[in-house]
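Below is one structure, written out as structure tokens; the observations come after it.
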């Protein structure tokens, strides 16, 4: 069975950066299962897997435009210190959240001064070429319920 829209793909992967540093991997745990064609994985990886089948193994490089996008310098900005709870511990590298029009939005704290907090709304992997070592374990037709919900359900069915 070939990978196409509406198929459930189960795969192992290891994600590394340009230096070969492992960012994430499914090795040593359950493989990743996703519903193909529903935006559940980054576009460049989904495109590279289209038409493949169980047993496919490859190294796939995904440029920023097909991953998490280019870094947007306008997404780095200063917010007034009074926008934060006075008890909140703010330090570079801390992730903070705010409610946006489409739900929660996360920001990374870049720096903290007496009056403000420099925030970065870029995805941590924006601007990075992503290198995937993938192995497709299984490809199957999605159930009607999975297709209707836009994601894979576990062995016991609907899990949320």
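Computed from the coordinates by the stated procedures, all read-outs in this text should not be read as laboratory data. For clarity, every value in this text was computed on a predicted model and none was experimentally measured. Cβ sites come from the backbone with ideal geometry, for glycine too, and all protein chains shown count toward neighbours.
Let me have the relative contact order for the range 73-120, percent, based on Cα pairs under 8 Å that are six or more residues apart. It would help to have the intermediate numbers written out before the result.
Values: 71 pairs, mean separation 21.0, N = 48.
Taking the mean separation of contacting Cα pairs over the length of the range 73-120, I get 44 percent.
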With 0.36 nm assigned to each residue of separation and the Cα-Cα distance removed, residue 47 to residue 111 gains 19.3 nm
Any idea how far apart residue 22 and residue 61 come out in nm if each label point goes 7 Å out from Cα toward Cβ?
-> 2.2 nm
Calculated FRET efficiency, residue 89 and residue 138, Cβ-Cβ r, R0 30 Å, to nearest 0.05?
-> 0.10
If the viscosity is 1.567 mPa s and the temperature 4 °C, what translational diffusion coefficient in µm²/s does Stokes-Einstein give for the chain when Rh comes from Kirkwood over Cα pairs?
-> 72 µm²/s
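What are the equivalent ellipsoid semi-axes of the range 73-120, built from the alpha-carbon gyration tensor (square roots of five times its eigenvalues), in whole angstrom, biggest first?
On the way: eigenvalues 54, 34, 20 Å².
So the equivalent ellipsoid measures 16, 13, 10 Å along its semi-axes.
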